[in-house]
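Working notes, structure below.
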Amino acid sequence: MELLSLDDVSPLLDAFAPLAPQRSPRLRLLEVPGADHASPGHAPPWEARLREEFLSRFGPPLLPLPESLASSRLFLALQLSTRYVAEGIREAAIALFSSPAFVISICLSIVIYFSAWLAPEPLFSKAFAATLTLRLSLAVGLLELGQVALACLRLYQEVETASTPEELEAASARFGRSMGGTYLRVLVTVGSLGLARFIPQVPEGGIWRLLPPVTSEGLVILRQSASTAQVVADGTLIVSGVAAGTATCAGLALCSTSTAGNTPQDSPKLSTRYGKPHTRKNPPHNEAIEDELAAREAAGHTDLRKNKAQVSAQKKLVEDPSPVRGTHFRKPDVSSIRTDGVRHNINYVSNARDMKRELEAFDSMVRADATAIHELYLLDGTLVRRHVPSGVLFP
């Protein structure tokens, strides 16, 4: 676990490569840390897309999010830290932190996910973050995960308070020297799965291979999402909302799990900001829709629609010219108009047994409106199918 080679991360680098433009060598004037406007300008479009994805999966940040992470001191400090990492991971770390998209994903991980560890009793209330916390805790250990989080937060705090280039360099050095193979694997996992929509092949292509395999001694793959994960003062990880697929927590100091939804008072509250619940029997499906619509609204999309009849970018009802079993009209889970005027529809698959039906619905929606973007995802963010019209830039 303390070693990580360049070969291990090469597929990941290939997946991150298309997400950000390649930087050509250029002269860059760095402002003194602590000066006003240390992170000038707005986020470039590619960074804005990555920020939107992280916020939709993890929820709002607890720490201030600079207007542009790509020009922030945190971004620079992370790149400088590779000078100080151990030999067993240095080559892989240098390659990873040379990718602007990867560094942005780590910045977002720190500000949005690891910031939750600032609280005396960290609480992860977003279903995706709660499930990820549980899986990482089982894989690398709760103590190690907490140490990664605290090292990230210390870097953020030291970079924010640095007043000289030397202090910025010293903060980078402390972070780099604290990073072992396990730390880097955790960062890779959080950053990559936070962008799973843009690099959907990565979870199947080896990210979890970088962690210990599931064993009979207690590691687990969750078939359903946890709703919350909380680390309390005595070191216990309390997980709620786990309906199935849990195993003993070997290798973890203490672990407590509970099920949710068995009684009315246990049922999670359904979000209805964008419309009535998609279904009361499947809260994660409804919350995925609400989260996606919130991210789109933040990105400037218009005509936000939740589980309504399919319409075109001109807001006209569209019909499948070759209906399946008499179904002429479909209802996308999420629909909106992007800032470039293109309609964007998404559906989610909650149950693998419904896959055939969902694929039929996807094809039907494409036939009804081939000028729109159509996507089909599993609830964990894994892409199943995508249609992008010719000439449309995506993402």
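Charges were assigned to the Cβ only: +1 to each Lys and Arg, -1 to each Asp and Glu. The resulting dipole of the range 303-361 about its Cα centre is roughly 160 debye.
Given N residues in the range 266-394, what is Rg(Cα) / (2.2 N^0.38 Å)?
Details: Rg = 14.2 Å, N = 129, 2.2 N^0.38 = 13.9 Å.
Compared with the compact-globule rule of thumb, the range 266-394 sits at 1.01.
Dipole magnitude for the range 43-158: computed about the Cα centre from +1 point charges on Lys and Arg Cβ and -1 point charges on Asp and Glu Cβ, it is near 60 debye.
Peptides 165-171, 291-297 ranked from most to least packed, by the mean per-residue count of other Cβ atoms within 10 Å: 291-297, 165-171. The Ala370 and Ser163 beta-carbon pair, evaluated with R₀ = 51 Å, returns a calculated FRET efficiency of approximately 0.35.
Please list 370-378, 102-110, 79-87, 308-316 highest first by mean number of surrounding beta-carbon atoms within 10 Å per residue.
Details: 370-378: 20.1, 102-110: 25.6, 79-87: 17.0, 308-316: 14.4.
The packing order, highest mean first, is 102-110, 370-378, 79-87, 308-316.
Both radii were evaluated on the Cα set of the range 96-154; the Rg over Rh quotient, with Rh as the Kirkwood radius, amounts to 0.98. Applying 0.36 nm per residue to the separation of Ser10 and Glu87 and subtracting their alpha-carbon distance, the gain on full extension is 26.0 nm. With a Förster radius of 25 Å applied to the C-beta separation of Arg280 and Arg353, the computed FRET efficiency comes to 0.80.
Once the Cβ-Cβ distance between Ser98 and Ala48 is put in as r, and R0 is 25 Å, what FRET efficiency do you end up with, to the nearest 0.05? Display every interim value, and only then the final one.
On the way: r = 22 Å, r/R0 = 0.87.
Step by step, r from the Cβ atoms, then E = 0.70.
Here, each number is a calculation from the coordinates, and none is a lab measurement. Just so you know, these numbers come straight off a predicted model, no measurement behind them. Cβ: placed from backbone, ideal geometry, glycine included. Neighbour counts: every protein chain shown.
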